[in-house]
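Below: one structure, written as structure tokens.
All of the numbers you see were taken from the coordinates with simple rules; none came from a lab. For clarity, every value in this text was computed on a predicted model and none was experimentally measured. Every residue, glycine as well, gets a Cβ built from its backbone with ideal geometry; the counts of neighbours run over all protein chains shown.
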Amino acid sequence: METRTLGRTGRPVSVVGLGTWQLGADWGEVREDDALAVLDAAYEGGVRFYDTADVYGDGRSEQLIGRWLRSRGIDDVTVATKMGRRADPHVPEAYTLDAFRAWNDRSRENLGVETLDLVQLHCPPTPVYDRDETYDALDTLVEEGRVAAYGVSVETRAEALAAIARPHVATVQIILNMLRLAPLEDVLPAAQEAGVGIIVRVPLASGLLSGKYDETTTFDASDHRSYNRDGSAFDVGETFSGVPFELGLDAVRRLAPLVPEGATMAQTALRWVIDQPGVSTVIPGARNPDQARSNVAAADLAPLTPETLDAVRAVYDELVAPVVADRW
């Protein structure tokens, strides 16, 4: 597995990581044995970067990862978690040093570690990115040894650029995929120039880019692809990348002929992300070991041709950009 340096953390991470939202909640039920099997399969395939959050299953995802690390004796991975979505109400004033310490203490207990490898602000209200107090508090967490490094997980490009301008922000996590190209124009170049790592989430547009869905596909009531299509639970950009489901299906049908021989649509979509300059790691999720192994195999594909990249851009410009480009 290819490794890249994760921005200002200085840590080597696998170019394909594992997102573990699925192991916590909001994607249908995943049993503990199945979750541990997913973690095993990813690790065996070379994954050395795991992304979680304190709200995934109210801490279940963190707890599973901590249990897995201890039971397997694994000490050569980077685990990134997130904090902030526990704030109630979810307002800028909730992002204080005391709150950060409390959230960190809970994550450290869940993961069973003294120092968290990387903590990311979890899509906070936009004003949080512009407050000096935010970064002063995060610096204090590093000084106290609670966290080794910090970054942000953002919804918009403007939020990403505000964070990149801060001198101690190590990473930015952002949505980037074949249906969400706008970050290529400004966020990735700015991050490269500043030495900030880019963690790419939602690389398969909530499964749209697997090529397995059609107009008859349904999702469990506990799955955000069922209950958040209108953004009623959280930012609609997190569900199908904000692309209306039927429009996304049309775009994927246009993209399907670009899949190289021997590859799947999902692997091609992941390879597309890997090929973008400035990307440190991409974090697809997996509900079972076969999905984890298939995701890992994307790293073995040859880089996509310039003609393929141009074709992806053409589909985006024609079908998707008018809907999502200016929003995120």
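Size of the dipole of the chain about the Cα centre, Lys and Arg at +1 and Asp and Glu at -1 on the beta carbon, nothing else charged, in debye to 20? Mind showing how you got there, number by number?
Working: 31 positive and 51 negative charges, 87 e Å.
The calculated dipole for the chain is roughly 420 debye.
Mean separation of Cα pairs under 8 Å and 6+ residues apart, divided by the residue count of the stretch 81-229: what relative contact order is that in percent?
Details: 193 pairs, mean separation 25.9, N = 149.
So the answer I get is 17 percent.
Please list the non-local residues whose amide H lies under 5 Å from the amide H of Gln173, H modeled 1.01 Å from N, same-chain partners needing a gap of 5 or more.
Val152, Ser153, Val154, Ile199
Let me know the shape class of the stretch 161-282, please: from the alpha-carbon gyration tensor, a ≥ b ≥ c as square roots of the eigenvalues, rounded when a/c is under 1.5, otherwise prolate if a/b is greater than b/c, or oblate.
oblate
Percent relative contact order of the chain, based on C-alpha pairs within less than 8 angstrom and at least six residues apart? Before the final figure, lay out the partial values.
On the way: 627 pairs, mean separation 74.1, N = 328.
About 23 percent, as a whole number.
Convert each backbone phi in the stretch 295-304 into a coupling constant with the Karplus relation 6.51 cos²θ - 1.76 cosθ + 1.60 (shift: θ = phi - 60°), then list the ³J(HN,Hα) values in order as whole Hz, x for Gly and Pro.
With coefficients 6.51, -1.76 and 1.60, one gets 4, 4, 5, 4, 5, 8, 5, 5, x, 5 Hz.
Go ahead and collect, in residue order, the members of the stretch 116-138 whose backbone nitrogen is under 12 Å from a label point 7 Å along the Cα-Cβ direction of Glu144.
It comes to 137-138, nothing else.
Quick one: which residues, 5 or more positions from Val147 or on another chain, have an amide H under 5 Å from its amide H? H modelled 1.01 Å from N in the peptide plane, none for Pro or chain starts.
The answer is Leu116, Val142.
Starting from the Cα gyration tensor of the chain, take the square roots of the eigenvalues, sort them a ≥ b ≥ c, and report rounded, prolate or oblate (rounded when a/c is under 1.5, otherwise prolate if a/b is larger than b/c, else oblate). Show your work: numbers first, answer last.
Numbers: a/c = 1.45, a/b = 1.29, b/c = 1.12.
It is rounded, given that a/c, with a ≥ b ≥ c, falls under 1.5.
Highest mean first, how do 5-15, 206-216, 157-167 rank when packing is the count of other Cβ atoms within 10 Å averaged over residues?
Details: 5-15: 20.6, 206-216: 17.5, 157-167: 19.1.
Taking the mean over residues of other Cβ atoms within 10 Å, the ranking is 5-15, 157-167, 206-216.
Can you tell me, using C-alpha contacts under 8 Å and at least 6 residues apart, the relative contact order of the stretch 114-187 as a whole percent?
Working: 89 pairs, mean separation 24.3, N = 74.
Reported as a whole number, the value is 33 percent.
Subtract the Cα-Cα distance of Asp230 and Asp136 from 0.36 nm times their separation in residues, and report this length gain in nm to one decimal. Write down the numbers at each step before the final one.
On the way: separation 94, 0.36 × 94 = 33.84 nm, distance 3.56 nm.
Stretched out fully, the Asp230 to Asp136 stretch lengthens by 30.3 nm.
For the stretch 83-182, what does the alpha-carbon gyration tensor say about shape, rounded, prolate or oblate, given a ≥ b ≥ c as the root eigenvalues, a/c under 1.5 as rounded, and a/b over b/c as prolate?
Details: a/c = 1.61, a/b = 1.46, b/c = 1.10.
Verdict is prolate for the stretch 83-182.
Considering only DSSP states other than H, G, I, E and B, which GluC sites (Glu not before Pro) in the stretch 14-89 qualify as loop sites with at most 13 other Cβ atoms within 10 Å? Numbers along the way, then the final one.
Details: sites: Glu29, Glu32, Glu44, Glu62; in loops: Glu29.
Those satisfying the criteria are Glu29.
If each residue of separation counts as 0.36 nm, what is the full-extension length gain between Phe245 and Gln276 once their alpha-carbon separation is subtracted? Could the numbers behind the result be given before it?
Numbers: separation 31, 0.36 × 31 = 11.16 nm, distance 2.51 nm.
That pair, Phe245 and Gln276, stretches by 8.7 nm at full extension.
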